[in-house]
Amino acid sequence: MINQDPVSARYAEALFGLIKPSGRLAEAAQELARVGALIRAHADLPQFLCNPGVEAEDKLGVLERLLGGGWSGDVRAFVRLVLSMGRPEYLVEMADAFQALVDEDAGLLRVTVRSAHPLSAAARERLTRQLERLERRRIEMAEATDPELIGGIQVELDHRVLDGSVKTKLAELRQRLKSVRVH
């Protein structure tokens, strides 16, 4: 799991424990992800949610209107609790932490692969199989291109980065050459 704030992790664990017996983990994760995406998408929303002069019920009402409904009683009650406890600044991290718990429970590991050029279908499949064998979990891969890598790939998984990029190899070589004493 990615390093998280302890407050976010505790709240996410509590929600996970509440919802797991109902078998609605995936749905709750989607609902919380919508809340997180909404907060990320509206620049003024975090400031509004953190305003101590606005009642928690009013904040919840605004979120409901922006979301257009579509969330379960459990997630609604969770968001109400977070707002009433004065912790709205953690909602996005709580949604991410909850998703990480759901993924872990499902044996899923989300990875991000960065490469200078898009991966071919064969390379993507080969990399997915290798990662699944190494991590002993199902892999869901997101790809990003970064021309600054020059070549090779970087793989972000959990709290680790596997860096096989040409850019990093050149930087390492540069450091080694700087440390060599020439007589």
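Couple of notes before you dig in:
- GNM on the chain, alpha-carbon springs under 10 angstrom: the most fluctuating residue among L119, L170, L81 is L170.
- For R133 and S72, the difference between the fully extended length at 0.36 nm per residue and the C-alpha to C-alpha distance is 18.3 nm.
- Short-range pairs are left out: with C-alpha atoms under 8 Å and at least six residues apart, the relative contact order of the stretch 108-179 is 39 percent.
- Each residue of the stretch 157-164 was assigned a 3J(HN,Hα) from its phi angle through the Karplus curve 6.51 cos²θ - 1.76 cosθ + 1.60 (θ = phi - 60°); the sequence is 9, 6, 9, 10, 10, 9, 10, x Hz, with glycine and proline shown as x.
- Rounded FRET efficiency, nearest 0.05, which uses the C-beta distance separating L18 from D44 and R0 of 35 Å: 0.70
- Each label point was placed 7 Å from the Cα along the Cα-to-Cβ direction; for E64 and A121 their separation is 4.7 nm.
- Gained length - E89 relative to D5, 0.36 nm times residue gap less alpha-carbon distance: 29.1 nm
- 3J(HN,Hα) along the stretch 39-48, derived from phi through the Karplus expression 6.51 cos²θ - 1.76 cosθ + 1.60 where θ = phi - 60°, amounts to 5, 5, 7, 10, 4, 8, 5, x, 5, 5 Hz, with x in place of Gly and Pro.
- Proximity of backbone amide H atoms, modeled 1.01 Å from N, is registered between R87 and no other residue at under 5 Å, excluding neighbours fewer than 5 places apart on the same chain.
- Both radii are taken from the alpha-carbon atoms of the stretch 108-179; with Rh as the Kirkwood radius, Rg/Rh is 1.03.
- Built amide H within the under 5 Å cut-off of L109, gap 5+: R138, I139, E140
- Note on R80 and A142: with the Förster distance fixed at 35 Å, the Cβ-Cβ geometry gives a FRET efficiency of about 0.65.
- Qualifying GluC sites (Glu not before Pro) in the stretch 44-128, DSSP loop, other Cβ atoms within 10 Å at most 13: E55
- Within the chain, helix-based [θ] at 222 nm, where runs of 4 or more DSSP H residues each add -39,500 (n - 2.57), nearest 500: -18000 deg cm²/dmol
- Sorted largest first, extent of the stretch 60-106 alpha carbons per principal axis (Å): 32, 24, 16
- The HN-Hα couplings worked out from phi for the stretch 118-134 by the Karplus form 6.51 cos²θ - 1.76 cosθ + 1.60 (θ = phi - 60°) are x, 6, 6, 4, 5, 5, 4, 5, 4, 5, 4, 4, 5, 5, 5, 5, 5 Hz, whole numbers, x standing for Gly and Pro.
- Taking other residues whose beta carbon is less than 11 angstrom from the beta carbon of G73, and scoring Lys, Arg as +1 and Asp, Glu as -1, yields +1.
- Mean separation of Cα pairs under 8 Å and 6 or more residues apart, divided by the residue count, gives the chain a relative contact order of 23 percent.
- Close amide H contacts of R24 (hydrogens built in the peptide plane, cut-off under 5 Å, sequence separation of 5 or more or a different chain): none are found.
The numbers here are math on the coordinates, done by the rules we state, and not lab data. Everything quoted here is computed from the prediction, not taken from an experiment. Because the Cβ atoms are built from the backbone with ideal geometry, glycine has one as well, and the counts that use them run over all protein chains shown.
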